[in-house]
């Protein structure tokens, strides 16, 4: 009996790590496809219907549909099929349910209006990308080039 419980806990832990890896990759795909906003919320302690929310927004419905398409292609390659996809024809709020995680893809206006991250603000956020070094400030370089040019005249 103890062995079965231990194996069950170990398999759940491995499954959770696999899901986190997949949802981080989903966030990266959204980022590559020009999403303006990406947030992953851990819903395990708050909901019984899903473990994670991935909230994404983009400038327009053309981009939301493109993000949805790329994410679904990636997940299909991982042998994951959506239970349900809602809102695709309109494109303002596309909801993709994979049971363990739900992806919400909004236009920027609808994400701000519905405010899911405000509704679930007590949920833990999962970091999905490494911190990138800040880009050098180009305005300073351009200013110094102009100053050199003005001094030589």
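Filter segment 70-81 down to the residues that are in contact with a helix residue (DSSP H, G or I) (Cβ under 9 Å, 6 or more places away or on another chain) and closer than 14 Å to residue 97 by Cα, then identify the one that is surrounded by the fewest Cβ atoms within 10 Å (Cβ to Cβ). Taking the candidates together, the pick is 81.
For segment 9-22, check the following and say yes or no: at least one residue is within 9 Å of the chain's Cα centre (by Cα), modelled with pLDDT of 95 or more and part of a helix (DSSP H, G or I). Scanning segment 9-22 turns up no residue that is within 9 Å of the chain's Cα centre (by Cα), modelled with pLDDT of 95 or more and part of a helix (DSSP H, G or I).
Being surrounded by fewer than 16 Cβ atoms within 10 Å (Cβ to Cβ), farther than 22 Å from residue 120 by Cα and touching a helix residue (DSSP H, G or I) at 6+ places or on another chain (Cβ under 7 Å) is the filter here, so list the residues in segment 28-42 that pass it. Once the filter is applied, which keeps residues that are surrounded by fewer than 16 Cβ atoms within 10 Å (Cβ to Cβ), farther than 22 Å from residue 120 by Cα and touching a helix residue (DSSP H, G or I) at 6+ places or on another chain (Cβ under 7 Å), segment 28-42 yields only 34. Checked against the criterion of being buried (at least 18 other Cβ atoms within 10 Å of the Cβ), touching a residue at least 40 places away in the same chain (Cβ under 8 Å) and either more than 22 Å from residue 28 (Cβ to Cβ) or under 16 Å from the mean Cα position of the chain (by Cα) (or both), the candidates 94, 126, 67, 55 yield just one match: 55.
The values are calculated or read from the model by the stated rules, or taken from the named source; none is laboratory data. Predicted model only: the values in this text are computed from it and were never measured. Counting neighbours? That spans all protein chains shown, and the Cβs are built from the backbone with ideal geometry, glycine included.
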